[in-house]
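For reference, the structure is listed below as structure tokens.
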Amino acid sequence: MTESKTNQAVKNAAAKSKEAAANVPVPQVSKYGKQENWTYTDKNGKEWGYTFQYPGMRTAMEILDNSRMANGIISRTIFADLLLEHVVVDPMNLTIDDFDERPGMNELIDAADEFLGKIND
């Protein structure tokens with residue numbers, strides 16, 4: 001008889017757990033990993049494609065925090081380095097120096113910044 005009481009207690013606990021789970025609001029779909037494609041067209045009409053990916057709230061905030069100089073102004077170089085490292089995922093491993101051979105760095109950084117702003121909104 002003790003065994004059937006134990007089984008009944010387990011069943012009751014499982015039923016309560018299911019009820020509790022049913023009453024929990026469903027969270028919105030995670031923003032983490034959300035992607036967007038962006039294309040830069042140079043003056044010759046060549047298209048340069050990029051993919052942005054949301055790095056998560058902590059990393060997005062750290063990009064801003066780590067780019068801020070002691071005087072409170074954002075360092076464009078550090079900001080660009082961090083966006084290229086954490087947000088621009090295709091092509092991979094781009095650096096500022098790569099833009100000695102490819103156009104559109106300022107436009108790319110502005111677009112990646114805008115992408116983060118839209119996601120964080």
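A few remarks follow.
- Here the simple spin-label model places points 7 Å from the Cα toward Cβ, and for Asp100 and Thr77 these points are separated by 1.4 nm.
- Compared with the alpha-carbon gap, the fully stretched path from Ala70 to Ser30 is longer by 11.1 nm at 0.36 nm per residue.
- Amide N proximity, the range 64-101 versus Arg58 label position 7 Å along Cα-to-Cβ, cut-off under 16 Å: 64-66, 86
Taken together, the values in this text are just the output of simple stated rules run on the coordinates, not laboratory data. A quick note: this is a predicted structure, and the numbers were derived from the prediction, not measured. Cβ coordinates were reconstructed from backbone atoms using ideal geometry, including for glycine residues, and neighbour counts include every protein chain displayed.
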